[in-house]
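Structure, as structure tokens:
What follows is calculated from the coordinates using simple rules that are stated; it is not laboratory data. Because the structure is a prediction, the values reported are computed rather than measured. Glycine gets a Cβ as well: all are built from the backbone with ideal geometry, and neighbour counts include every protein chain shown.
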Amino acid sequence: MVAWTEAEKTVLPWALIFIVIVSIVVCVLTAKKDNKIKRIPLMIISVIILGLEITKQIINIINGYSLWSIPLHFCSLFLYLFPLASFFSDRLGNFGKTMSFVCGTLFLVLFYFNPSSIIGNSCANVFASFSSFHTFIYHHFIILFLLILLGSKLYLPSKYDFLHVFIGITLYALIAVPLAHILNVNFCSLLTNVIPFMEELRLATGQVVYTIVMYLVGVGGGFVAVGIANLIKLLVIRENQKDNFKIIMRILKTRG
């Protein structure tokens, strides 16, 4: 793990503890409710982050708009995925839940591996500006959404998740790759990469091969996430079957 700054060591653990407590409270309070009620906290988070993003865009327009502010970065995907996951219950809802889980899991790994690469120095000056506040709060809402999604059992792994991942990553690539080159904005590290070995790969093999590798990394990472989720689901089902078998055998022995 990349060395955290002193501000990150102080702020991030407490922020995570708070988020975990909130998610536990929410999940406990809605545990016996139907899925429509369980989705309400996710709806609230979706509306809040959309409101924060609209405010951010307005401020950027007033101060002189930068193309970097276009919401096509990896973390911007949650602006589109969370509403799908929380407001829809059909195929769109399942797609949104799957992609929210996949992107949220990948985000969680990247975030705690190297926080500065995601939120810059916002831990040191959360309230110094709206930009810092937005960066810090937005990314922690992503974590809260993911924990509630999983804790409320609203995301249930399925074999169709692999198709969702393929469609989701492909759609993003079809939009982000051309625009990254047309606008010359490094969406999702599509033009250059801060990771040394990935940048060396780009320089050695060329932009086309590098882009294909980035696409395959995205799809592959998603496949790994849903593969592990489906494996855990299978193990839980088998364990429950064993427990049910033991209960049935006890009942039969008792009656015998």
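Quick check for me: using +1 on Lys/Arg Cβ and -1 on Asp/Glu Cβ, what's the dipole size of the chain about its Cα centre, in debye to the nearest 20? Each step should come with its number before you reach the end.
Numbers: 19 positive and 10 negative charges, 313 e Å.
Its charge dipole is roughly 1500 debye.
If you take every residue apart from residue 229 with its C-beta less than 13 Å away from the C-beta of residue 229, what net charge results, scoring Lys and Arg +1 and Asp and Glu -1? Write down the numbers at each step before the final one.
On the way: positive: 97, 153, 159, 233; negative: 161.
Here the count lands on +3.
Using the Cβ atoms and a cut-off under 12 Å, what net charge is assigned to the surroundings of residue 210, where Lys and Arg are +1 and Asp and Glu are -1?
Numbers: positive: 202; negative: 199, 200.
Local charge sum for residue 210: -1.
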Least to most buried among 164, 181 (fewest other Cβ within 10 Å first)
181, 164
Ascending count of other beta-carbon atoms within 10 Å, so fewest first, for 142, 58:
58, 142
Measuring from a point 7 Å past the Cα of residue 114 along Cα-to-C-beta, which residues in region 165-197 have an amide N at less than 20 Å?
185-197
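Give me the orientation-averaged projected area of the Cα convex hull of region 1-66, in nm², one decimal. Intermediate results must be reported in sequence, preceding the final value.
Numbers: hull surface 29.4 nm².
Its average projected convex-hull area is 7.3 nm².
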Per the C-alpha gyration tensor (a ≥ b ≥ c, the square roots of its eigenvalues), region 1-156 is rounded if a/c is under 1.5, else prolate if a/b beats b/c, else oblate; here it's oblate
Inter-centroid distance (Cα atoms) of region 114-145 relative to region 157-215, Å:
24 Å
Hey, what angle do you get for helix 130-151 against the long axis of the chain, alpha-carbon based, 0 to 90 degrees rounded to 10?
20 degrees
Say the cut-off is 31 Å between C-alpha atoms; which of 32/97; 56/159; 38/159; 56/97; 36/233; 32/159 go over it?
56/159
State, to one decimal in nm, how far the label point of residue 67 lies from the label point of residue 87, with both points 7 Å from Cα in the Cβ direction.
3.0 nm
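So for the chain, averaging the separation of alpha carbon pairs under 8 Å that are six or more residues apart and normalising by length, what relative contact order in percent results? Each step should come with its number before you reach the end.
Values: 204 pairs, mean separation 57.6, N = 256.
Relative contact order here is 22 percent.
So what is the 222 nm mean residue ellipticity for the chain from helices alone, if each DSSP H run of at least 4 adds -39500 (n - 2.57) and you divide by all residues, rounding to the nearest 500 deg cm²/dmol? Before the final figure, lay out each step's value.
Numbers: 10 runs with 193 residues, N = 256.
When only DSSP H runs of four or more count, the value is -26000 deg cm²/dmol.
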Would you order 123, 27 from fewest to most other beta-carbon atoms within 10 Å of each residue's own beta-carbon?
27, 123
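Between residue 131 and residue 237, take the C-beta separation as r, use R0 = 35 Å, and let me know the FRET efficiency to the nearest 0.05.
Numbers: r = 46 Å, r/R0 = 1.32.
It comes to 0.15.
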